[in-house]
1. Can you tell me what the convex hull of the Cα atoms of segment 131-280 projects to on average, as an area in nm²?
2. Expressed in nm to one decimal, what extension gain is obtained for the pair residue 534 and residue 352 from 0.36 nm per residue of sequence separation less their Cα-Cα distance?
3. Whenever you get a sec, compute what percent of the accessible area on segment 330-426 sits on carbon and sulfur atoms (1.4 Å probe).
4. How big is segment 357-445 by Rg and Dmax over its Cα atoms, in Å?
5. When the convex hull of the C-alpha atoms of segment 135-196 is computed, what volume per residue in Å³ does it have?
6. What's the carbon and sulfur percent of segment 144-240's accessible surface, probe 1.4 angstrom, rounded to a whole number?
7. Kirkwood hydrodynamic radius of segment 362-520 from all distinct Cα pairs, in Å?
8. Once you sort the root eigenvalues of the Cα gyration tensor of segment 226-379 as a ≥ b ≥ c, which label holds: rounded (a/c under 1.5), prolate (a/b larger than b/c) or oblate (the other case)?
Amino acid sequence: MKHFAKRLLAVCSLCLACFGTSTVLAATIVFVPQDNRPVSYAYTVDTATAAGYRVLTPPEAYLSDNSYHGSPEEIWNWLLAEAPQADALILSTDTLIYGGLVDSRKHQIDRLTLQNRLRQLQELHRTHPRLPIYAFGTIMRSPRASDGKVEPFYYAKYGPKIFEIAYWQDKRDTEGLNAEEAAKLLSLTMSVPLEYLQDWFDRRAKNNMVNERLIELAADGTLTYFCLGHDDTAGFSQSSLESRYLQRHSKSLPASRYGSFPGADQLGLLLIARYHVDRMGTAPTFAVLYPLGGAEDTMPHYENQSIGKTVADHIHAVGGRLVTDKRPDILLAINTPLGSTTGESEAFANFEMPRKSAEVFVNRVREALDLGIPTAIADVFYSNGADNGLLKEMQKADLLYRLASYNGWNTASNTVGYTVAQSILAPAMSDSAHRRMLTEQYLDNWGYQANIRKQIYREQESIRTDNVKYSGRLNPCLQEMLIESVQNFAETKLGADPRTVSARFPWERLFEAQIFVSEQPQYPLMRDIIAERKAKEEAERKARAETEGKATPANAAADSPAAAGADMPAAAADTVAAEPTAEQPEEASPEADTPAVAPAVFNPAATN
């Protein structure tokens, strides 16, 4: 009997190790994110923590922010101090080498300093040879246009031309140019100040040198796995050109050691999931489901390869396998559009209209769930937000909280990476933690990105003229509108207690929001705060009106001709009293005297 009890205990321990509990998975991950945006930092840490991991991160003041650079020297000091207690390191090389993702596009760091920071990675491995190091970096993006806050200052004016120059240079490298195209390239090159072109291409050359060296560190075993993301790219672009040459540099590396594919913001969470897979000693299998339409051949916006290849790349990066001939561990349902390219979630067409392809797709998802197959949805129908038609069908079928994971945000690769990673980590979560994760994504991707953001854009256009979508100072009323809208969406669409959610603009711009979800009600209702303030303002207005109304008759009596006639001769007084007055006293306008009241802004982070 005692022998049986020991065997039962061993079996239970193995099951817990495979399927996860917070006790068994209490391994420590030292995580250096690429910046402090929610997708890079808070959401990633929340997901790993919900799966039972202890996650250590640098002080947020060291991380790159919208208003200041990251501090690589301080982060290196912190990392070296924390590494001894880590079971794994998940490191953004952009942060460790340049300061952060945005810093990698704007830095003026000399080559010697860059090389020294690369050598620190080698020294870190020599000091802790048994500590796995999962690293991720990026090929510097080549946007068609961008403001000067997240790119070099001159990109706001010359960015579109610089993009075109790189476009034609890449085409020349792959296909060649005809005479007309060559002339176009020459004309564009002469239209951009030489010092700006030199600055942009010189920085790219430095970054390319860094990426080549990082690939070599993956080859020699310094890095357990290295993932190189293509940050916002296109078919012909400088990023695509550099990617081709780096691919040749890495051709001897197996997929188990190195991956390179579109996206940046998903990579931290993806590598946490990769560590989870390695630690558990598993190789999860995935099957892929598409709706009618472009399916795996769909070309997403901001990317230079089909969605089918991107899905396969992410599965390989996390240590998984694609299967078609047997029951998978996870079914990836990829919601693609009817056409061959993705659209934008802010498009007029993105509304809750019944769509036969969505209905059929949801029915197939439900069939898989009914068979007990963990199913995750990567919603890439649109860029930068959810497909309202799909979510309406999911809501109607009561499937929202039956999924392993759901994502539909930013680029297709961002969505796929998060979906794959969260579906792998989901079995290790408690039911309540898993529900919070799903709620967070629905409110961010479906609530804010696909719906509320459009309303706030319209509101901001009526109160300011600068490009507050991406920069500028936010009007406090927009923050209140965000919280009220998110709480209303949680209540009406998800059936959640609105006091369990809140939100803020983490980078002081409208492009992204950070959603807060608590298990118990803890956030005040913004609609109540606004209603209370309006009621108070109305009461004050009425009180002022009553005070002014009482004062008016007394003043009028004191200033009347009859009162003035008391000191006049009787005849004169009678004459004045008999004549009509030229002006009647004007009633005071309470609104004109009402002082501007700045709305009190609730800060959810203060209670979180």
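1. In nm², the orientation-averaged hull projection of segment 131-280 is 9.8.
2. Difference between extended and current length: 62.2 nm.
3. Roughly 57 percent of what the probe reaches on segment 330-426 is carbon or sulfur.
4. 12.1, 33
5. 104 Å³
6. 53 percent
7. One over the average 1/r among Cα pairs gives 16.3 Å for segment 362-520.
8. oblate
The values are calculated or read from the model by the stated rules, or taken from the named source; none is laboratory data. Nothing here was measured: the structure is a model prediction, and the numbers come from that model. Every residue, glycine among them, receives a Cβ derived from its backbone with ideal geometry; neighbour counts consider all protein chains shown. Accessible surface is based on the protein model in full, side chains and every heavy atom, while ligands, DNA and RNA are left aside. Shrake-Rupley method; radii C 1.70, N 1.55, O 1.52, S 1.80 Å.
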